[in-house]
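Here is the structure we will look at, set down as structure tokens.
The values are calculated or read from the model by the stated rules, or taken from the named source; none is laboratory data. Not measured: the values here are computed from a predicted model. Please note: Cβ atoms are built from the backbone with ideal geometry, for glycine as well, and neighbour counts cover all protein chains shown. Each accessible area value is taken on the protein alone, full model and side chains, heavy atoms only, with ligands, DNA and RNA left out. Shrake-Rupley method; radii C 1.70, N 1.55, O 1.52, S 1.80 Å.
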Amino acid sequence: MKRYILIRLAAVVPILLITSFFSFYLLNLLPGNPVDAICGVGCTAAGHVKLTHQLGLDKPMLTRYLIFLKHALTGNLGKSYTTDQTVTQALAQRLPITLELMFLSQVVALLIAVPLAMATALRPGSRLDRYGSTFSFSLLSTPTFVIGVFLVLAFAVKLHIFPATGYTNLTQNVGENLKSMVLPVITLSLGSVAVYHRVLRSDLISTLQEDFVTVAKAKGLSTRYIMLRHVIRPSTLTFVTLASLNIGNLIGGAFIIEVIFQLPGIGLMTISSILQNDYLMVQGVVLVTTVGFVLLSLLADILNAVIDPRIRVARAGL
């Protein structure tokens with residue numbers, strides 16, 4: 001198992017390097033110049049040249065990337081062009097909000113999707129199964145921002161139960177924090193509910209048709225015991241992989257939701273930084289989200305190897 005983890009970790013390094021390079025390169029192709037945004041309308045040509053040199057923007061792109069990479073390895077992601085705040089400080093303030101949104105949304109998604117998948121897999125074709133499938137397909141066909149707007153209109157504008165925008169820090173007031181996160185969390189979780197339910201239901205139905213399940217039933221074991229002890233584990237391979245692949249959609253959805261509900265996370269900060277041509281801030285966000293995505297994908301690979309040892313034997317040559 002240790003060898004398998006080391007092999008997977010070694011594969012992560014080139015992925016991070018390639019991703020960081022292309023993100024740096026593409027961001028430098030964006031229209032606009034941070035020097036223009038900082039100097040303002042009355043900036044002279046001499047001032048423009050001086051500021052360009054101070055920011056290091058007169059150096060070749062590859063040189064700037066190597067400098068950025070060297071600093072990033074020490075935890076120094078640079079300083080914002082517009083706010084004069086270090087990228088690390090900004091991420092430390094904003095990232096917990098985005099992580100809270102993503103974590104709570106996945107908890108809600110699993111609490112809904114897993115029991116629903118188990119119930120519908122035991123009775124395929126039943127009324128509950130048909131209703132569950134209709135519910136999932138409806139969610140899959142509805143964009144995230146549409147769900148968010150609908151929830152705001154229903155629960156914030158009409159019923160005045162939850163706030164439409166704003167955020168209360170968890171350390172200030174737990175109750176108000178959870179109240180401000182209800183609508184964003186539900187909006188982000190519903191898309192995952194639909195995907196998780198469909199995939200897990202299909203795998204559970206397939207596993208329930210295996211011979212070892214038939215033998216377990218012949219022994220008189222209860223349906224609940226068979227499902228929890230014998231069926232769930234072999235049915236989660238695809239589910240765990242899908243959950244890791246869904247991280248990208250989750251991050252993108254979190255960015256959109258932060259704009260809709262005005263949550264001060266890294267999504268709202270990224271949109272503001274793009275509009276202000278604050279390249280260093282955007283690069284920091286891209287690098288951190290890439291590292292998080294790759295590490296969570298690695299964790300999913302390790303979990304799959306724990307669930308099914310044949311995976312690590314095949315990939316690591318054990």
- Query: Using Cα pairs under 8 angstrom and six or more residues apart, how large is the relative contact order of the chain, in percent?
  - Reply: 27 percent
- Item | Number of Lys pairs (Cα under 20 Å; 8 or more positions apart or on different chains) in the chain | 6
- Query: In nanometres, what is the gap between the two model label sites at D84 and T223, each 7 Å from Cα along Cα-to-Cβ?
  - Reply: 6.8 nm
- Highest GNM mean-square fluctuation among I161, I257, I232, for the chain with Cα springs under 10 Å, belongs to I161
- Note on the structure: Heavy-atom accessible area of V146, protein chains in place, probe 1.4 angstrom, given in Å² to nearest 10, is 60 Å²
- Message: How large is the direction-averaged shadow of the alpha-carbon convex hull of the chain, in nm²?
- Response: 21.7 nm²
- Using every Cα-Cα pair within the stretch 125-230, state what percent have a distance larger than 16 Å. 70 percent
- Query: Top to bottom by accessible area (1.4 Å), largest first, where do R64, R130, R229 land?
  - Reply: R229, R130, R64
- Query: If you roll a 1.4 Å probe over the chain with all protein chains in place, what percent of the accessible area is carbon or sulfur?
  - Reply: 67 percent
- Over the heavy atoms of F150, what accessible area does a 1.4 Å probe trace out, to the nearest 10 Å²? 130 Å²
- Task: Please calculate the 1.4 Å probe accessible area of T134, with all protein chains present, and give it to the nearest 10 Å².
- Result: 80 Å²
